[in-house]
Amino acid sequence: EDQVTQSPEALRLQEGESSSLNCSYTVSGLRGLFWYRQDPGKGPEFLFTLYSAGEEKEKERLKATLTKKESFLHITAPKPEDSATYLCAVTFSSGSARQLTFGSGTQLTVLP
Amino acid sequence: EAGVAQSPRYKIIEKRQSVAFWCNPISGHATLYWYQQILGQGPKLLIQFQNNGVVDDSQLPKDRFSAERLKGVDSTLKIQPAKLEDSAVYLCASRWTDTQYFGPGTRLTVL
């Protein structure tokens, strides 16, 4: 069965302390891997899409990378406003439904 | 550009009552999704529409859940009768190319 696993479940960082979040997947025929940010009481906000191993995308303090089995979301010198739940999701190349299968997320807290 | 709109934002009902949620996708987005997100979990797909037709409703509990998308724009999701385990956030998303854009969700509490 296709699965998406995120680790750690929760992460507390001091402001400025860089770290990485992991998303591993067991998908036969990956079409795309997506990162979303979700703040409390809000819907997921799109961050990045990655399509092939070796691809990297950057946005402010965030950088997403992709290998054949996992993706990392690197957070450089985080600020308290980066506190949120980060969700990883995948779509499959088979079929045309382009449905997202989500992991359970990593809850990031950045302390001032 | 306006995002995905959902209403109501919050709803509290007793078990066995019925409830309906409304979604207005981003203009021009033909594909619309409804998700259920239980606290501490990622969103789980309930149903997918392409224009006004259902693409996939295999994960929709059809004995109590129903959804429609008349005229290929707005959509409604209904639960009748509600159970305690239906307490969750119901998210609507619309898709452009590969990217899904989510609304703010409706938080449902079933007492």
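The values are calculated or read from the model by the stated rules, or taken from the named source; none is laboratory data. All of these numbers come straight from a predicted model, not from anything done at the bench. Here Cβ is always computed from backbone atoms with ideal geometry, including for glycine, and neighbour counts include all displayed protein chains. These accessible areas exclude ligands, DNA and RNA; they are computed on the full protein's heavy atoms, side chains included. Shrake-Rupley method; radii C 1.70, N 1.55, O 1.52, S 1.80 Å.
What residues does the range B:66-111 have that are buried by at least 30 Å² of accessible area in the full protein assembly compared to the chain on its own, 1.4 angstrom probe?
B:Arg95, B:Asp98, B:Thr99, B:Gln100, B:Phe102
Hey, what's the protein assembly as shown come to in accessible area per residue, 1.4 Å probe, Å²?
Heavy-atom SASA per residue in the protein assembly as shown reads 50 Å².
At a probe radius of 1.4 Å, figure out the B/A buried accessible area, summed over both chains, and give it in Å² to the nearest 100.
Chain pair B/A: roughly 1500 Å² of buried accessible area.
Below 14 angstrom from the Cβ of B:Pro8, what's the summed charge of the other residues (Lys, Arg +1; Asp, Glu -1)?
After counting each charged neighbour, the total is +4.
Quick one: if the Förster radius is 25 Å, what FRET efficiency do A:Glu60 and B:Gln41 give, using the C-beta to C-beta distance and rounding to 0.05?
0.40
Could you list the GluC sites (Glu not before Pro) in the range A:8-70 that lie in coil according to DSSP, counting only those with at most 15 other Cβ atoms within 10 Å of their Cβ?
Counting only loop positions with at most 15 other Cβ atoms within 10 Å, the GluC sites (Glu not before Pro) in the range A:8-70 are A:Glu9, A:Glu15, A:Glu17, A:Glu55, A:Glu60.
Using a 1.4 Å probe on protein heavy atoms, which residues of the range A:34-52 have at least 20 Å² less accessible area in the complex than alone?
Residues of the range A:34-52 that lose at least 20 Å² of accessible area once the other chains are added: A:Phe34, A:Tyr36, A:Gln38, A:Gly41, A:Gly43, A:Pro44, A:Phe46, A:Tyr51.
Please report how far the C-alpha centroid of the range A:30-56 lies from that of the range B:13-49, rounded to the nearest whole angstrom.
Measuring centre to centre over Cα atoms gives 19 Å.
Percent of accessible area on the protein assembly as shown owned by carbon and sulfur, 1.4 Å probe?
Values: 5400 of 11100 Å².
The nonpolar share, carbon plus sulfur, comes to 49 percent.
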